[in-house]
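Novice: Provided herewith is a single structure, encoded as structure tokens, for subsequent inquiry.
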Amino acid sequence: MAEFLQGDQLNAALSRIFDEAEQQLVVVSPFIKLHSRIKDILKSKKDNDKLKITIVFGKNEGKISKSFNQEEFEFLKDFPNIEIKYEPRLHAKYYANESSALLSSMNLYDYSQNHNIEFGILTKFNLLGELTGNILGGDTLDKEALQYFLQVANNSQSLYKREPKYEEALMGLKKKYTGSTTEDNLTSLYQESSIEPKFPKKYRPDSKESFGYCIRTGVKIPFNPERPFCDKAYRSWAKYKDENYPEKYCHFSGEESNGETSFSRPILRKNWKKSQAIS
């Protein structure tokens, strides 16, 4: 039976998806920035070679770090059984383990979990059964959603993949994990986009200032990452309320962001630590 969730219930259900995953974890989210709760859960599973993790991300206009930064990749890349895939048209969000799934408006992004109004539909099913063509229970919604997102994953471009290797033990009665083979086409993409653009000296960040900049117009406004628009720009944004719509300026520094800022990410990544000095 499907269950409608919001607020703390939604965050708790998402955490359970990760916590209860022992054999299969499917993550479909355009933007990936792991909340500390999710990271703590995943750390406890880093030695589980039986847990197959599939991540599909996208919607970054050709710049990987806009939707899946290198810090997240460095954390995930050493898991023994993981595949990271890219689909540039991705807008949907879906999270599943072998027993339940969450269809949601929420990206796997810490800011979304802490600040945005989001919802999710939680369903129960048997993922392993579906993968082997032998579904055990579950309604049509479960099956159709699962099949659709597995197809999305299968059709997405693989950028990074680690597969566990085994050798027979106890006269063939048991398999022993011996390591993983790695196919890495993602590291080079981060290296290619690592050069930061220069900007005029007058726009250089000054952490002592208490004002910020409207991320759409660039005008000075009070510094508040939760309210990064001036009044006029907010009225324009509120017509559609697309939290990931690319904006023009960094809320902290006022420099041009070339679409790398949005309502959900109003501060350029390179300025994030400096922005913490503003109370």
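Novice: Against the definition (modelled with pLDDT of 85 or more and either at positive phi or not in a strand (DSSP E or B) (or both)), how does R89 come out, yes or no?
Specialist: Numbers: modelled with pLDDT of 85 or more: yes; either at positive phi or not in a strand (DSSP E or B) (or both): yes.
Taking the combined requirement at face value, the residue satisfies it.
Novice: Could you check the range 120-192 for helices (runs of 4 or more DSSP H) lying wholly inside it with 3 or more residues that are among the polar types (S, T, N, Q) and at pLDDT 70 or above? Spell out how you get there, then give the answer.
Specialist: Values: elements: 127-131, 140-155, 187-192.
Once the helices (runs of 4 or more DSSP H) in the range 120-192 are filtered for at least 3 residues that are among the polar types (S, T, N, Q) and at pLDDT 70 or above, what remains is 140-155, 187-192.
Novice: Still on this structure: Suppose we filter the range 43-74 for residues that are within 18 Å of S29 (Cβ to Cβ), among the acidic types (D, E) and in a loop (DSSP other than H, G, I, E, B); how many remain?
Specialist: Residues in the range 43-74 being within 18 Å of S29 (Cβ to Cβ), among the acidic types (D, E) and in a loop (DSSP other than H, G, I, E, B): 1 in total.
Novice: Still on this structure, please answer the following. So is R37 in a helix (DSSP H, G or I), over 17 Å from Y160 (Cβ atoms) and either at pLDDT 95 or above or touching a Cys at 6+ places or on another chain (Cβ under 7 Å) (or both) or not? Spell out how you get there, then give the answer.
Specialist: On the way: in a helix (DSSP H, G or I): yes; over 17 Å from Y160 (Cβ atoms): yes; either at pLDDT 95 or above or touching a Cys at 6+ places or on another chain (Cβ under 7 Å) (or both): no.
Against the criterion (in a helix (DSSP H, G or I), over 17 Å from Y160 (Cβ atoms) and either at pLDDT 95 or above or touching a Cys at 6+ places or on another chain (Cβ under 7 Å) (or both)), R37 does not qualify.
Novice: In addition: Looking only at the range 41-64, decide whether some residue is within 12 Å of the chain's Cα centre (by Cα), open to solvent by 20 Å² or more (accessible area, probe 1.4 Å) and modelled with pLDDT under 95.
Specialist: Scanning the range 41-64 turns up at least one residue that is within 12 Å of the chain's Cα centre (by Cα), open to solvent by 20 Å² or more (accessible area, probe 1.4 Å) and modelled with pLDDT under 95.
Novice: Mind counting the residues in the range 6-21 that are of a type in the set (D, E) and assigned to a helix (DSSP H, G or I)? I'd like the intermediate steps shown before the answer.
Specialist: So in the range 6-21, the residues of a type in the set (D, E) come out as 8, 19-20.
In the following step, the residues that additionally are assigned to a helix (DSSP H, G or I) were identified as 8, 19.
Qualifying residue count, the range 6-21: 2.
Novice: Ok, one more. Scan (1) open to solvent by 20 Å² or more (accessible area, probe 1.4 Å); (2) touching a Lys or Arg at 6+ places or on another chain (Cβ under 9 Å) for the single condition M106 breaks and write down its number.
Specialist: (1) is the only condition that M106 fails.
Novice: Next up: When you look at S275, is it surrounded by 13 or more Cβ atoms within 10 Å (Cβ to Cβ) and modelled with pLDDT under 90, yes or no? Before the answer, list the steps.
Specialist: Details: surrounded by 13 or more Cβ atoms within 10 Å (Cβ to Cβ): yes; modelled with pLDDT under 90: yes.
Here the answer is yes, as S275 does meet what is asked.
Novice: How many of the residues making up the range 221-267 are part of a strand (DSSP E or B) and open to solvent by 30 Å² or more (accessible area, probe 1.4 Å)? Give the derivation first.
Specialist: Just the residues of the range 221-267 that are part of a strand (DSSP E or B), to begin with: 221-222, 247-249, 256-261.
After this cut, where a residue has to be open to solvent by 30 Å² or more (accessible area, probe 1.4 Å) as well, the list is 222, 248-249, 256, 258, 260.
Qualifying residue count, the range 221-267: 6.
The values are calculated or read from the model by the stated rules, or taken from the named source; none is laboratory data. Note that this is a predicted model, so its numbers are computed, not measured. For neighbour counting, all protein chains shown are included, and Cβ atoms are generated from backbone atoms with ideal geometry for every residue, glycine included. Protein only, heavy atoms only, side chains kept; ligands, DNA and RNA dropped before computing areas. Shrake-Rupley method; radii C 1.70, N 1.55, O 1.52, S 1.80 Å.
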